[in-house]
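Written below as structure tokens is the structure these notes are about.
The values are calculated or read from the model by the stated rules, or taken from the named source; none is laboratory data. None of the values given here were measured: they were computed from a predicted structure. Note that we place each Cβ from the backbone using ideal geometry, even for glycine, and neighbour counts take in every protein chain shown. Protein only, heavy atoms only, side chains kept; ligands, DNA and RNA dropped before computing areas. Shrake-Rupley method; radii C 1.70, N 1.55, O 1.52, S 1.80 Å.
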Amino acid sequence: MSHAADAERYERMPYRRTGRSGLLLPAVSLGLWNNFGADRPLETSRAIVGRAFDLGITHFDLANNYGPPYGSAEETFGTLLATDLRPYRDELVVSTKAGYDMWPGPYGEWGSRKYLLSSLDQSLRRMGLEYVDIFYSHRFDPETPLEETMGALDSAVRQGKALYAGISSYSPERTREAAEILERLGTPLLIHQPSYSMLNRWIEEGLLDVLGELGVGCIGFSPLAQGLLTDRYVDGIPEGSRIDRDLSLAADALTEQTQAKVLALRGIAEQRGQTLPAMALAWTLRDPRMTSTLVGASSVEQLEANLRALDRLDFSDEELAEIDRYATESDINLWAESSDA
């Protein structure tokens, strides 16, 4: 049985052009990194994805190893595509990635042509799709010629298995090189997906300038700093939280200095009439070079709370200056090995 989409879904979401391309993305996209694996009830995933679409989220972002276990988020989304979302495929932007470890042996990670194209074929089977809209190189591979990695993305597009090519967590210099290679091949670089939040601002040191110059879009992931920019950790590490379960964040990320920053930022948000997560998400969209910001959600209620960021996207110069006092690097960029290479 298919989902009966809300007739007003496109009136609720602002859409932004992806660089100089023809593709528009919702200002807020849904990432399936966590909460959509086989360890979660299918009905919970169904409710979140359906509500997201009803609220104007057309872009759903995955990767080959999202889960747990690896691949299960794509399988979950494939089930929803085959049932709930079947009539709406042409209204959706579905992305996936390959670059991190997926299967054993020398061909199961990094950036070789062998791995990337094999992984894409597996992703398409798991989701029951003929093509994805965006296929990403998930990280830079210092041991593989960039021409090979970009050539694999070009092949995916030419084979009709992807409509657009993207990269994730590449440095400004590598981004420029990747874009030049893809331009020569005839498959423009559509978009870059870096980590970006108030506590992780590395893209402001050159990457955004390169993307703006090249006309490449930017979609930031982990805009809430893996949960640090919420109220979850104000009083320490709660049971069941991402830090408590050792999911991407280590306990030493929650320093006294970081807690003090978060408390100060929460005070600014309250003065604006927003929650801290809503302000943090809105802040990532303040730059016109940002196409979209990726949110996760473990419930419909959390998704709806995140989308309240759209209620107020404006910032005064005074507010931005005050935020800058506390929105400083906090050593939480887990993907720096790729973006520094």
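Restricting R139, R126, R113 to those that are more than 24 Å from P194 (Cα to Cα) and charged (D, E, K, R) reduces the list to R126. Contact map, segment 101-129: first residue farther than 15 Å from N65 by Cα and of a type in the set (K, R), second residue open to solvent by 50 Å² or more (accessible area, probe 1.4 Å) and part of a loop (DSSP other than H, G, I, E, B), Cβ cut-off under 6 Å, separation 6 or more or different chains; pairs are K114/Y107. The requirement of being part of a helix (DSSP H, G or I), among the aromatic types (F, W, Y) and crowded, with 17+ Cβ neighbours inside 10 Å is not satisfied by Y70.
Is it the case that some residue within segment 154-163 is open to solvent by less than 30 Å² (accessible area, probe 1.4 Å) and in contact with a Leu (Cβ under 6 Å, 6 or more places away or on another chain)? Yes, segment 154-163 contains a residue that is open to solvent by less than 30 Å² (accessible area, probe 1.4 Å) and in contact with a Leu (Cβ under 6 Å, 6 or more places away or on another chain).
Going by the structure shown, is S123 surrounded by fewer than 20 Cβ atoms within 10 Å (Cβ to Cβ) and either basic (K, R) or assigned to a helix (DSSP H, G or I) (or both)? Answer is no for this residue. Taken residue by residue, segment 63-83 has no member that is within 18 Å of L23 (Cβ to Cβ) and of a type in the set (D, E, K, R).
Show the residue pairs that are 6+ apart or on different chains and have beta-carbon atoms under 9 Å apart, the first residue being within segment 313-341 and among the aromatic types (F, W, Y), the second being part of a loop (DSSP other than H, G, I, E, B). So the pair list comes out as F315/R272; F315/R286; Y326/M198; W335/R139; W335/S169; W335/P194; W335/S222. Going through (1) at pLDDT 95 or above; (2) open to solvent by 10 Å² or more (accessible area, probe 1.4 Å); (3) out of contact with any Phe, Trp or Tyr (no Cβ under 7 Å at 6 or more places or on another chain) one by one, R286 falls short only on (3). Here L189 meets each of (1) crowded, with 23+ Cβ neighbours inside 10 Å; (2) touching a residue at least 40 places away in the same chain (Cβ under 8 Å) with one exception, condition (2).
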